[in-house]
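For reference, the structure discussed in these notes is given below.
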Amino acid sequence: MSIPVSDAHAASWRARQVPVPTQVVDGVWAIPVPLHGSALRSITVFLITTDHGPVLVDAGYDHPSCWTSFQQSVASIGQRVDTIAAVLLTHNHPDHVGFADRVRAASGARVVLGAPDDFATMHRRRGTFLQQVRTALELTGAPPDVVTAMYADAVAVAVHREDLRLDVAVEHDTEFRFGDVTVRALPAPGHTYGHTVYVDTRGLVFTGDTMMAEGPTQLAIVSRPDDDPAADLFGTLARIGDLGAAIACPAHQFPYRDVAARAQSLAAFHRDEVETVRGLARDGDTAWDVARRMPWKKPWDELGRGTRRFALVHTLALLRHAAATGR
């Protein structure tokens, strides 16, 4: 179990509450934003104070309640939204990019995101998020009625605008200077293909959805023949583990200290998943066949349909990696 920076923050999360804004270190604030109507409950965005204005890491849903909560929290810690210099987005999921445009309109902030997660680029290479979901579900080999039902569920909860325009699309390691603070953007695929982590001057790494304090990482959607998000994730975790970072700041749960150990344990967990898939898969099996035999927290038939959809697409990614790396 990871070592929390703030026991109170971790306790609030474990009690299924939305934590209050918490100072991680001098000049860095964790700001939980409630996600009303979402099973996630909240996302944590981070505010880094600099001589050139605050820098924001991630931006919750594009919903009035999220925007209002964020503005109130920023004011409560003595900062101003209209002075934010940059919005550094870890990836393009709706709970991360939502109010980035509102911040830019308020302050003129630059919006930064990994190039493969730029929506225009993603649409050219992969299609929309929902098109990728549909492709992945069909690749799992699930019965057509299951694919139709799971896709309908995804449409109900995952439809969102995909028109955010970037000021900077990160294609490789990139350094940003904000007066007295330097932030490095490092491509970190695995959860999405353009996922990016950010490392600041004090040795904090903002990990987005790549490396939570507890639990596994949801692998990116497999929709093209060369996709292998598990391989991407293993490379990302090895790199994070080698950074020498003092604190990891994930977008959900809570900031924690044992960064390298957490990277190693998470990689080991997912390697064990790959080996489990190898052991369960028989010749000709599809992800649909294997997923129903996997040792999830509950038996397959007791999982909610949304959870089954995530588990099924995750199994597809694991099976792809098992096939790519052989026995």
**Asked** Out of (1) 116; (2) 135; (3) 126, which label holds the value of volume of the Cα convex hull per residue in Å³ that was computed here?
**Response** (3)
**Asked** For the Cα atoms of the chain, what angle does the longest principal axis make with the long axis of helix 144-158, in degrees from 0 to 90, nearest 10?
**Response** 10 degrees
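Tell me the relative contact order for the chain as a rounded percent, counting alpha carbon contacts under 8 Å between residues six or more apart.
Value for the chain: 16 percent.
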**Asked** Under the rule of -39500 (n - 2.57) per DSSP H run of 4 or more residues, summed and divided by the residues of the chain, what mean residue ellipticity at 222 nm is obtained, to the nearest 500 deg cm²/dmol?
**Response** -12000 deg cm²/dmol
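Send over a whole-number figure in Å² for the accessible area per residue of the stretch 74-196, probe 1.4 Å.
Ligands and nucleic acids excluded, the figure is 42 Å² per residue.
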**Message:** Please list 320, 124, 184, 165 from largest to smallest accessible area, probe radius 1.4 Å, with all protein chains kept in place.
**Reply:** 124, 165, 184, 320
**Request:** Please state the charge dipole magnitude for the stretch 1-154, taken about the Cα centre, from unit charges on C-beta atoms (+1 on K and R, -1 on D and E), reported in debye and rounded to the nearest 20.
**Result:** 80 debye
**Asked** Relative contact order, percent, of the stretch 1-152 when contacts are C-alpha pairs under 8 Å separated by at least 6 residues?
**Response** 14 percent
**the stretch 120-232: relative contact order in percent, alpha carbon pairs under 8 Å with at least 6 residues between** = 21 percent
**Message:** Apply the Karplus curve 6.51 cos²θ - 1.76 cosθ + 1.60, θ = phi - 60°, to the phi angles in the stretch 70-86 and return the couplings in whole Hz, x for Gly and Pro.
**Reply:** 4, 4, 5, 5, 4, 5, 5, 9, x, 10, 10, 5, 6, 10, 5, 8, 7
**Request:** Identify which of 29, 13, 296 has the largest mean-square fluctuation in a Gaussian network model of the chain, with springs joining Cα atoms closer than 10 Å.
**Result:** 296
**Complete:** For residue 268, the net charge from surrounding residues (Cβ-Cβ under 12 Å; K, R +1; D, E -1) works out to -1
**Asked** What is the calculated FRET efficiency for residue 15 to residue 171, with r their C-beta to C-beta distance and R₀ = 45 Å, to the nearest 0.05?
**Response** 0.65
**Message:** Under 5 Å between amide hydrogens, which residues at least 5 positions from residue 24 or on another chain qualify, with H placed 1.01 Å from N in the peptide plane?
**Reply:** 29, 30
**Request:** Quote the convex hull volume per residue of the stretch 8-154, based on C-alpha atoms, as a whole number of Å³.
**Result:** 134 Å³
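The values are calculated or read from the model by the stated rules, or taken from the named source; none is laboratory data. Please read all numbers here as calculations on a predicted model, not as lab measurements. Methodologically, a virtual Cβ is constructed for each residue, glycine included, from the backbone with ideal geometry; neighbour enumeration extends over all protein chains shown. Please note that ligands, DNA and RNA were not included when accessible areas were found on the heavy atoms of the full protein model with its side chains. Shrake-Rupley method; radii C 1.70, N 1.55, O 1.52, S 1.80 Å.
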